[in-house]
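The values are calculated or read from the model by the stated rules, or taken from the named source; none is laboratory data. This one's a predicted model, so the numbers in the text were calculated from it and none came from an experiment. Cβ atoms come from the backbone with ideal geometry, glycine included; neighbour counts cover every protein chain shown.
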Amino acid sequence: MSEPLEELGSNLYRYTCDEEQVRIIISRLRNGRDAPTAEVIVESTAPGLPSHLLGPDRLNLESPQTKSAFLRRLSERYPQRDWFPLFEHAISKTVLLHRRGAPLRRTNEEFVNDPLFYRLSPLLLEKLPTVLWGPGGGGKSTLAVLFSLLISEALPPAQTSLNLDPEPGAVLYLDYETDFNEIHERALALAVGFGLENKPDIHYQEMSEPLADKVEDVAALILDNHIHYIVVDSLGLAVGGNPEESGLITDYFRALRVLGVGSLTIHHPNREGKYYGNVYIHNSASAVYELTSSQELDGLHIGLFSRKRNRGKLLANMGFHLQYQENERGALQTIKVNREDVRTVAAVAAGLSLRQRIADFLRTGKAASPDIITALKIGDPEIKENSVWKTLDRGVGTSFVQFESGEWGNLYPS
């Protein structure tokens, strides 16, 4: 038997022998009471023949009786091949890799290449989970398609003027909410808006079952299509239950980790417009962004606010202006995207922190605290006077300065 080609995915092991023109696939490993079990499939790679030979069968990978029975059935159906060497190699290697897990690493290792930190700088981290949350209909999915397009088509900042720098790679969009036609339409409209001649190439997979239950199938998609980044739209359906349940959330993020690629997860607020779900959502994500938006006559205005970032300080707020154009039949034809200041539209600026709003008001010059409170309440009647006072006091020496007149100003005027 020639040395088989080994393809290792997330809880997925493939062994292909070109000489025998066969492939053994072992997946869905589970730790049984005494030994690991797994689903085993045997396929033919010979041209002109049906690919499926046997399986899937769930086998105890350390039971001689179970393995012998499977081999006997295989030999009875296809006696022209010697199945034992490849089968035994596949089983023993899989058990070894499954038990060993990830290799031990040391921080004094030399990097062969500089580590890649971002898939889309400075927003989306490489090989780590990012969460984007905001109200329904606010443009989250369109923004996710935009990010996917920038990565898959390797659009540099000079071409888009968005100041987002992609590391080229294939993107897989796991969709629990809409359908292929809607995502396809948005991707095409964005491509037209950027003046692209070719159709964008984003991989799309409709989903219905929880990600944790489909991790092996998604791993196969990642392996077969050389996927570098995934989008999950959205978290509530992808966990398969109430996001308040910690078990479902930890299972979901464990599945993302097993897949081994970076991810952007879309999430929704609760009825009160607050962050919805168990604390593990925020804690498990390496970066969290909140989205606010406002649909105006000139298009959709989006504010993106950095709420958590494990790598470095929080990012500056980002504003996007999306202009939509439809054809005579009402179908989406073009989406043009430009960056803008989040303070341009009041509803978008609501995502700014109280400290940021005070600093923005003081850009025009110093002001007394009653004037500051009155101005802020015009934009947001829910703002409490006491909160403004506390924010001003806490910001002395870092953000604000109080003059002898009692008026306030920015410590570092811009």
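See the values below:
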item	result
Sole exception among (1) farther than 14 Å from residue 357 by Cβ; (2) modelled with pLDDT of 90 or more; (3) surrounded by fewer than 16 Cβ atoms within 10 Å (Cβ to Cβ) for residue 374, by number	(1)
Residues being of a type in the set (Gly, Ala, Ser) and in a helix (DSSP H, G or I) - total across region 167-187	1
Residue match in region 314-326 (condition: over 26 Å from the mean Cα position of the chain (by Cα), farther than 17 Å from residue 291 by Cβ and either at pLDDT 85 or above or among the hydroxyl-bearing types (Ser, Thr, Tyr) (or both))	yes
Residue ID - farthest from residue 228 (Cα to Cα), chosen from residues in region 195-211 that are in contact (Cβ under 8 Å) with a residue 40 or more places away in the chain and in contact with a helix residue (DSSP H, G or I) (Cβ under 7 Å, 6 or more places away or on another chain)	210
Among the residues listed as 213, 233, the single one being surrounded by fewer than 17 Cβ atoms within 10 Å (Cβ to Cβ) and assigned by TED's automatic domain parsing to the domain that holds residue 326	213
Region 93-146 - residue that is surrounded by 17 or more Cβ atoms within 10 Å (Cβ to Cβ) and among the hydroxyl-bearing types (Ser, Thr, Tyr) and, of those, nearest to residue 6 (Cα to Cα)	94
Flag if residue 299 is surrounded by 17 or more Cβ atoms within 10 Å (Cβ to Cβ), in the same structural domain as residue 200 (by TED's automatic domain parsing) and closer than 18 Å to residue 191 by Cβ	yes
Top-ranked residue of region 302-324 - restricted to ones that are of a type outside the set (A, V, I, L, M) and free of Cβ contacts under 8 Å to residues at least 12 places away in the same chain, ranked as surrounded by the fewest Cβ atoms within 10 Å (Cβ to Cβ)	313
Residue within region 236-256 that is under 17 Å from residue 125 (Cβ atoms), at pLDDT below 95 and in the same structural domain as residue 143 (by TED's automatic domain parsing) present	no
Verdict on residue 160 being closer than 24 Å to residue 283 by Cβ, in the same structural domain as residue 305 (by TED's automatic domain parsing), touching a residue at least 12 places away in the same chain (Cβ under 8 Å) and β-branched (Val, Ile, Thr)	no
Test: residue in region 239-253 that is loosely packed, with under 15 Cβ neighbours inside 10 Å and in contact with a Phe, Trp or Tyr (Cβ under 6 Å, 6 or more places away or on another chain)	yes
Filter pass, residue 86 being modelled with pLDDT under 95, under 27 Å from residue 224 (Cα atoms), surrounded by 13 or more Cβ atoms within 10 Å (Cβ to Cβ) and not charged (D, E, K, R)	yes
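Listed here are the residues, each with its yes/no results for (1) farther than 23 Å from residue 150 by Cβ; (2) of a type outside the set (Ser, Thr, Tyr).
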| position | (1), (2) |
| --- | --- |
| 83 | yes, yes |
| 88 | yes, yes |
| 98 | yes, yes |
| 105 | yes, yes |
| 116 | no, yes |
| 130 | no, no |
| 135 | yes, yes |
